[in-house]
1. Counting Lys and Arg as +1 and Asp and Glu as -1, each charge on the Cβ, what is the dipole of the range 9-83 about the Cα centre in debye, to the nearest 20?
2. For labels at S46 and R11 in the simple 7 Å Cα→Cβ model, what's the distance in nm?
3. For each of D61, D55, count neighbouring Cβ atoms within 10 Å of the residue's Cβ, then give the residues from fewest to most.
4. For the range 9-83, what Kirkwood radius comes out of the mean inverse Cα-Cα distance, in Å?
5. Mind listing the long-range amide H neighbours of S9? Cut-off is under 5 Å, sequence gap 5 or more, other chains count too, H placed in the peptide plane at 1.01 Å from N.
6. Quickly rank 62-68, 75-81 as a protection proxy: mean count of other C-beta atoms within 10 Å, highest first.
Amino acid sequence: MSRNLGGTSLRPKQRSLVLRGRRTSVSLEDGFWHALREIATERQTSVDALVSQIDKNAEPDDRRSAAVRLYVLNYYRKRATRLAPQNRPSVTPHSPVPCRSS
């Protein structure tokens, strides 16, 4: 049985894409597919073109699905920082998250 979070499946779904003229597929969870469509719409491009750009900028050994997930995460992190920089803790992607001591 596939678990879900807020009505969104946690099981990755495979979708076909055409990247630089070649047919391929990518497996992502519903939330990432939704976010990818939203980003593509904001940028007035197709999901295929956006994933093609992500793939082009990724390291050769990177898994495409991981590259897309990280792209989406970084996109929304940057957006959140732009919208409310005064409320965000100063945390770099590789630094530990600050926590309160008891």
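Every number in this text was worked out from the coordinates using simple rules, so none of it is lab data. These numbers come from a predicted model, not from an experiment. Note: ideal-geometry Cβ built from the backbone for every residue, glycine included; neighbour counts use all protein chains shown.
1. Here the range 9-83 has a charge dipole of around 80 debye.
2. Calculated label separation equals 2.9 nm.
3. Least to most surrounded, the residues fall as D61, D55.
4. Roughly 12.7 Å, rounded to one decimal.
5. Amide H neighbours of S9, under 5 Å, 5+ apart: D30.
6. 62-68, 75-81
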